[in-house]
1. Output needed: percent of Cα pairs per 10 Å distance bin for region 1-43, bins running from 0 to the one holding the longest distance.
2. Could you tell me which residue out of 217, 28, 38 lies farthest along the dipole of the chain toward its positive end? Charges go on the beta carbon: Lys and Arg +1, Asp and Glu -1, centred on the Cα centre.
3. What longest region of the chain stays clear of trypsin sites (Lys or Arg not before Pro) that DSSP places outside H, G, I, E and B and that have at most 12 other Cβ atoms within 10 Å?
4. Counting other C-beta atoms within 10 Å, and keeping those with at most 15, which DSSP coil GluC sites (Glu not before Pro) do you find in region 15-78?
5. Could you tell me which GluC sites (Glu not before Pro) in region 143-229 are loop residues by DSSP with no more than 14 other beta carbons within 10 angstrom of their beta carbon?
6. Can you list residues whose amide H is under 5 Å from residue 70's amide H, if they're 5+ apart or on another chain and H is modeled 1.01 Å from N?
7. Taking the Cα centre of the chain as origin, sum charge times position over the Cβ atoms of Lys and Arg (+1) and Asp and Glu (-1), and report the length of that vector in debye to the nearest 20.
8. Check cross-link reach from residue 196 to the lysines: straight Cα distance under 30 Å, and skip same-chain residues fewer than eight apart.
Amino acid sequence: MKDEPRSHPFRDSVEDIAAAKRIPDTPQTRAPAYRLAFADRDFLTRDELRPVRLQLELLKPQLIMDERGIETTIVMFGGARIPAPEHRDTARTGGGPGVMEAGNRGADEAGGQSIGLNIVLPHEQAPNAYVTPDLSFNFHYFAIRKMHFLMRAKAVCVFPGGFGTMDEMFESLTLIQTGRMKPIPFLLFGRDWWEKVVNWQHLAEAGVISPEDLALFAMVETAEEAVAVIDGWVVP
């Protein structure tokens with residue numbers, strides 16, 4: 001976070017956290033009630049503080065990305081269980097080989113920076129090694145994580161994946177369909193896969209989506225096709 005001069009004359013909260021550790025040890029100072037509220041983990045993790053934690057989880061990545069000058073992103077959704085070619089005999093989740101790692105790796109090898117939005121899961125996992133370290137974020141709330149995927153998105157690229165990928169894809173499409181999010185290039189990689197997994201035409205024929213909704217996304221096979229769609233994008 002930026003270390004900027006404060007715009008007010010009040011004492012620094014970081015200074016008070018340090019000062020609170022140097023207080024005399026008494027029954028009163030040892031009591032949980034005496035802890036500074038913003039430095040009290042037990043207090044911050046109470047059920048009643050969920051609205052505050054939601055706000056903090058939204059705000060922390062927002063401030064860091066603003067400070068880094070990140071205004072636009074290309075979002076990649078895809079299965080973490082899909083291994084890189086050199087690891088075809090493995091299948092991992094979370095930070096292991098997968099589509100999202102491929103995107104981070106491509107950015108890293110091109111000398112660029114990339115963002116990783118991780119989530120705490122019951123089994124151990126970690127961000128992949130190609131995420132720009134100070135743009136690697138960890139989340140408790142799936143909903144806030146998905147908000148950060150889309151808040152700066154100028155295009156969404158969806159690759160084959162499982163439940164998580166489907167959830168991210170359909171929530172994003174729903175936001176665009178309902179006008180809660182502006183239309184952006186929305187690319188599904190691999191027509192054969194997506195037409196087997198989802199009978200898009202049947203959805204329109206059954207009337208559960210409108211025929212016009214089929215134009216909310218495009219199916220592509222290669223990076224070159226994807227770039228052409230993004231470069232030729234005209235806002236509806």
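1. 23, 46, 23, 8
2. Projecting each Cα onto the dipole axis, the largest value belongs to 28.
3. Details: sites that count: 2, 6, 11, 21, 22, 46, 88, 180.
So the longest stretch without any such site is 89-179.
4. Values: sites: 15, 48, 57, 67, 71; in loops: 71.
The qualifying sites are 71.
5. Working: sites: 168, 171, 195, 205, 212, 221, 224, 225; in loops: 221.
Listed in order of number, the matching sites are 221.
6. Under 5 Å from the amide H of residue 70: no residue qualifies.
7. Values: 25 positive and 33 negative charges, 173 e Å.
Dipole magnitude for the chain comes out near 840 debye.
8. 146, 154, 182
Computed from the coordinates by the stated procedures, all read-outs in this text should not be read as laboratory data. Being a predicted model, the structure only gives us computed values, none of them experimental. Using ideal geometry, Cβ is built from the backbone for each residue, glycine included, and neighbour counts are taken over all protein chains shown.
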